[in-house]
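Q: First, the structure itself, so that you have it in front of you.
The values are calculated or read from the model by the stated rules, or taken from the named source; none is laboratory data. What you see is a predicted model, and the numbers here were worked out from it, not measured in a lab. Positions of Cβ are backbone-derived with ideal geometry, glycine not excepted, and every protein chain shown enters the neighbour counts.
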């Protein structure tokens, strides 16, 4: 059984993947951010190249900055982005 | 107070508005971030585009407000205004104003807020660089450790290894 999840991409991640947002059907074994990333990388070459260097990527789950072992479920909004450059 | 907007802001008016609410305060400190006209390499910038994460940006600013009042209980008030969209060299990007009874509180808390914004506010800059007469290139700005205070720079590089 699969569940959907809202994924957002910002800055160069979005440029490289070619998407700023997608709603994905994730397998049930995807229960944290690390596993989500591993699964997302298999989707397209753009995903694979953009998500290959994990040290360059940060994550927010439901708009809260967190780390890669944070759990995720189908009702979550997960955003991936590079280190911020505002201000 | 927090605002995220495309339009420019009027620094004098914002300072006047905030001060008027706290007539007994002795110090107001203002920080303004500007769009530079050159990249780090010295190439001319045609424009800068600010992208942001709506929802999370407001949430983070609200968190910074809570933090700054907790750390400086005598701080009277703060204002953060951050612009988004297409901006040009010399234009305003961000405004931080702090109001306090004493100047050292206003100075320290203002610095704290802009440092927090630099590390944790979900905004990303894209530079449009004039490479030659006929060529403009677009590139995402990378976060620089030189923009961060040394202690935060160390903490940040530790955090990115939590994989």
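Q: Just the residues that are in contact (Cβ under 8 Å) with a residue 12 or more places away in the chain and over 10 Å from the mean Cα position of the chain (by Cα), please, taken from segment A:53-67.
A: A:54, A:56, A:62, A:63, A:66, A:67
Q: When you check residue A:32 against the structure, is it farther than 26 Å from residue B:64 by Cα and within 14 Å of another protein chain (Cβ to nearest Cβ), yes or no?
A: yes
Q: Which ones in segment B:89-133 are assigned to a strand (DSSP E or B) and closer than 26 Å to residue B:19 by Cα?
A: The answer is B:92, B:93, B:94, B:95, B:96, B:97, B:98, B:99, B:100.
Q: So, one more: Which of the following residues is at pLDDT 95 or above, buried (at least 23 other Cβ atoms within 10 Å of the Cβ) and either under 18 Å from residue B:56 (Cβ atoms) or over 13 Å from the mean Cα position of the chain (by Cα) (or both): B:126, B:116, B:83?
A: On inspection, the qualifying residue turns out to be B:83.
Q: OK, next. Can you name every residue in segment A:71-87 that is more than 10 Å from every other protein chain (Cβ to nearest Cβ) and either out of contact with any strand residue (DSSP E or B) (no Cβ under 9 Å at 6 or more places or on another chain) or part of a loop (DSSP other than H, G, I, E, B) (or both)?
A: A:72, A:73, A:74, A:75, A:76
Q: With the requirement that a residue be over 21 Å from residue B:126 (Cα atoms) and surrounded by 14 or more Cβ atoms within 10 Å (Cβ to Cβ), what does segment A:74-87 give you?
A: Passing the criteria: A:74, A:76, A:77, A:78.
Q: Any residue in segment B:31-39 that is within 14 Å of chain A (Cβ to nearest Cβ) and either assigned to a helix (DSSP H, G or I) or over 27 Å from residue A:13 (Cα atoms) (or both)?
A: Scanning segment B:31-39, I find at least one residue that is within 14 Å of chain A (Cβ to nearest Cβ) and either assigned to a helix (DSSP H, G or I) or over 27 Å from residue A:13 (Cα atoms) (or both), so the answer is yes.
Q: Among the residues of segment B:21-31, is any closer than 28 Å to residue A:20 by Cβ, modelled with pLDDT of 95 or more and touching a strand residue (DSSP E or B) at 6+ places or on another chain (Cβ under 7 Å)?
A: Scanning segment B:21-31 turns up no residue that is closer than 28 Å to residue A:20 by Cβ, modelled with pLDDT of 95 or more and touching a strand residue (DSSP E or B) at 6+ places or on another chain (Cβ under 7 Å).
Q: Here's a follow-up. Tally up the residues in segment A:24-34 that are touching a strand residue (DSSP E or B) at 6+ places or on another chain (Cβ under 6 Å) and either at pLDDT 95 or above or crowded, with 17+ Cβ neighbours inside 10 Å (or both), please.
A: 4
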